Amino acid sequence: MGGNLPFPENISMLKDLKKVLIVDDEETLTWSMAKSLSKDKDKYEVFIANNGKDALSLLQNNKIDLVISDIRMPDINGLDLLVRIKKEYPETKVIIMTAYGSSDVQKEANRRGSLYYVEKPFEISDIRKIIIDLIGKKKGFQGKVFGLQLTDIIQMNCLSRVTAALTITKDSEKGVIYLNEGEIVHAECGEEQGTEAFYKIMSWQEGEFVSNIGIMSPIQTIQQSWEHLLVEAMRKSDDET
């Protein structure tokens, strides 16, 4: 079971709304949450999935802005689902919820990229407030980069001390550079991670980018300062030229 919320008031004219996906193997819980959250139908559209497989299918076919997922599920647990989402859909925000809370689980969820960690039982009003706060944040900026403009964009983000995921695409290739409070902490490009991925992305002379403010990196693979990384990237570019 899973898919778009089957309430009449949630049907049509919603293509421009943000999309929220609730994932939990308890069908009663997903239904009741979706029914309560449908009060905000003018702000976001609600989808539901009762297992990780259905959640991934919905993510593949819809531009989901926020996922609220339980941890314990029969096929794909919430933490593994979180990792898949951060890798394949870095712009999608994630909230983890569980009835089996512990500080270790919370730390692991945060490390893997969860923005919030909510213990059951919770007040639906609290969830609504978090959702509205998250989907209401500006996504950042998007555009095309040519030459060294990508360096300028990264430098601007670093100087502004932002936390963000910068997704860059060039033809069929895609890379993501994560910043945490202005420091470059992680990069991914194909099978490569860390500095190798960062330098590969920086070697692209043109492409498209989307900067998503507030997205945290699931891991840290880069320790060097952003100044060192950009200087080294420019040196490598000069050497190649």
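The values are calculated or read from the model by the stated rules, or taken from the named source; none is laboratory data. These numbers were taken from a predicted model, which means no experiment stands behind them. Cβ placement follows ideal geometry from the backbone for every residue including glycine, while neighbour counts extend to all protein chains displayed.
In table form, for the structure just shown:
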item: Lone unmet requirement of (1) at pLDDT 80 or above; (2) loosely packed, with under 15 Cβ neighbours inside 10 Å; (3) in a loop (DSSP other than H, G, I, E, B) for Ile64; result: (2)
item: Count - residues of the range 35-94 that are under 21 Å from Ala164 (Cα atoms) and of a type in the set (Val, Ile, Thr); result: 7
item: Residue identified as at pLDDT below 90, outside any loop (DSSP other than H, G, I, E, B), in contact with a strand residue (DSSP E or B) (Cβ under 9 Å, 6 or more places away or on another chain) and not assigned by TED's automatic domain parsing to the domain that holds Thr163 among Leu79, Leu58, Leu37, Leu21; result: Leu79
item: Residue check for Lys144: in a strand (DSSP E or B), modelled with pLDDT under 85 and in the same structural domain as Glu208 (by TED's automatic domain parsing); result: yes
item: Test: residue in the range 42-65 that is touching a residue at least 60 places away in the same chain (Cβ under 8 Å) and aliphatic (A, V, I, L, M); result: no
item: Test: residue in the range 164-182 that is hydrophobic (A, V, I, L, M, F, W, C) and part of a loop (DSSP other than H, G, I, E, B); result: no
item: Criterion: touching a Cys at 6+ places or on another chain (Cβ under 6 Å) and within 16 Å of Phe209 (Cβ to Cβ) - qualifying residue of Gly175, Gly182; result: Gly175
